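Heads up: the structure comes next, in structure tokens.
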Amino acid sequence: MSSSSAASGWMSSPILKKVITGVTGLGLTLFVLGHMIGNLAMFSGLDAYNEYAHFLASLGPVFYAIELGLLVFFVFHIVTGIRIAVGNRAARKSRYAVYKTAGGPSRQTAASRSMIITGMLLMVFLVIHLLSFKFGPGGPGNASASYVTTIDGVEMRDLAKLVHEKFQTPWYTFGYAASMLLLLIHLRHGVWSGLQSLGAMRPSWTPVVYTIGGLLGAGIAAGFIAMPLAIYFGLI
């Protein structure tokens, strides 16, 4: 067998694909948790939020390396997830008109069966989100004097102003909130599935870990939703 054939066979391994989705999924979960916590800086004031965003941008090459790593994780996660879903569909000998939640070790729930759908919708959200904020007014390649502020003598992007503008529009505010509910659904099953794929838990831990995944997803979603709703209703 040639080295290329061996590599192709290894990359097609169901175990490897599950490990990839597990590692990348848990890595992305840690990122969104950190991103959510950072967003809460808005509740400390516009300057605090701008200083937080400026600190990240000031990391320079380190920040770019983190972004590149996240991009690689995201691409591998979505591509491998689709391959697993396609493989499972092809291997399924019979289709059922009505599904019932299986529970137990398999955790066949609505959340598990909709992982690809929620994942694809979240990908669309991510593209819109990046175009709106990272590459929006004042961002890379889109310089704007209207989105520049000075805090303690340091000139920086006025990202807080842009965030406030975006979340004063109903469609963006509630579309964002709906996307975070999709994230909750995705994480509810994803955290448990990722740990299981890595062999990091015993079967007896399944109910606890699945509950923790749900609570973590709910906490992250609530944290993300809090800021836009607070802005929309004039609380911050």
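The values are calculated or read from the model by the stated rules, or taken from the named source; none is laboratory data. Model, not experiment: these values are computed from the prediction. Here Cβ is always computed from backbone atoms with ideal geometry, including for glycine, and neighbour counts include all displayed protein chains.
Determine, yes or no, whether LEU216 is under 30 Å from LEU16 (Cβ atoms) and in contact (Cβ under 8 Å) with a residue 40 or more places away in the chain.
yes
Test ALA177 against the stated conditions and say whether it is at pLDDT below 95 and either of a type in the set (A, V, I, L, M, F, W, C) or out of contact with any helix residue (DSSP H, G or I) (no Cβ under 8 Å at 6 or more places or on another chain) (or both).
no
Pull out all pairs, ordered by first then second residue, where Cβ-Cβ is under 7 Å, the residues are six or more apart or on different chains, the first lies in region 22-40 and is without any contact (Cβ under 8 Å) to a residue 24 or more places away in the chain, and the second is surrounded by 15 or more Cβ atoms within 10 Å (Cβ to Cβ).
GLY38/TYR52
For region 140-166: of the residues being of a type in the set (Asp, Glu) and not in a helix (DSSP H, G or I), which is surrounded by the fewest Cβ atoms within 10 Å (Cβ to Cβ)?
This residue is ASP152.
Within region 118-139, can one find any residue that is out of contact with any helix residue (DSSP H, G or I) (no Cβ under 6 Å at 6 or more places or on another chain), free of Cβ contacts under 8 Å to residues at least 60 places away in the same chain, exposed (fewer than 13 other Cβ atoms within 10 Å of the Cβ) and at positive phi?
Taking every residue of region 118-139 in turn, none turns out to be out of contact with any helix residue (DSSP H, G or I) (no Cβ under 6 Å at 6 or more places or on another chain), free of Cβ contacts under 8 Å to residues at least 60 places away in the same chain, exposed (fewer than 13 other Cβ atoms within 10 Å of the Cβ) and at positive phi.
If I go through region 168-194 residue by residue, how many of them are closer than 28 Å to MET115 by Cβ and out of contact with any Gly (no Cβ under 8 Å at 6 or more places or on another chain)?
Number satisfying all stated conditions: 12.
Does region 167-174 contain any residue that is part of a strand (DSSP E or B) and loosely packed, with under 13 Cβ neighbours inside 10 Å?
No; the residues of region 167-174 include none that is part of a strand (DSSP E or B) and loosely packed, with under 13 Cβ neighbours inside 10 Å.
Of everything in region 53-64, what is under 20 Å from the mean Cα position of the chain (by Cα) and closer than 26 Å to LEU216 by Cβ? Give them in sequence order.
ALA53, LEU56, PHE63
For the subset of region 109-131 comprising residues that are modelled with pLDDT of 95 or more and either assigned to a loop (DSSP other than H, G, I, E, B) or not aliphatic (A, V, I, L, M) (or both), which member is farthest from VAL86 (Cα to Cα)?
HIS129
Hey, can you tell me all the residues within region 207-236 that are over 17 Å from HIS129 (Cβ atoms) and among the aromatic types (Phe, Trp, Tyr)?
Those that are over 17 Å from HIS129 (Cβ atoms) and among the aromatic types (Phe, Trp, Tyr): TYR210, PHE233.
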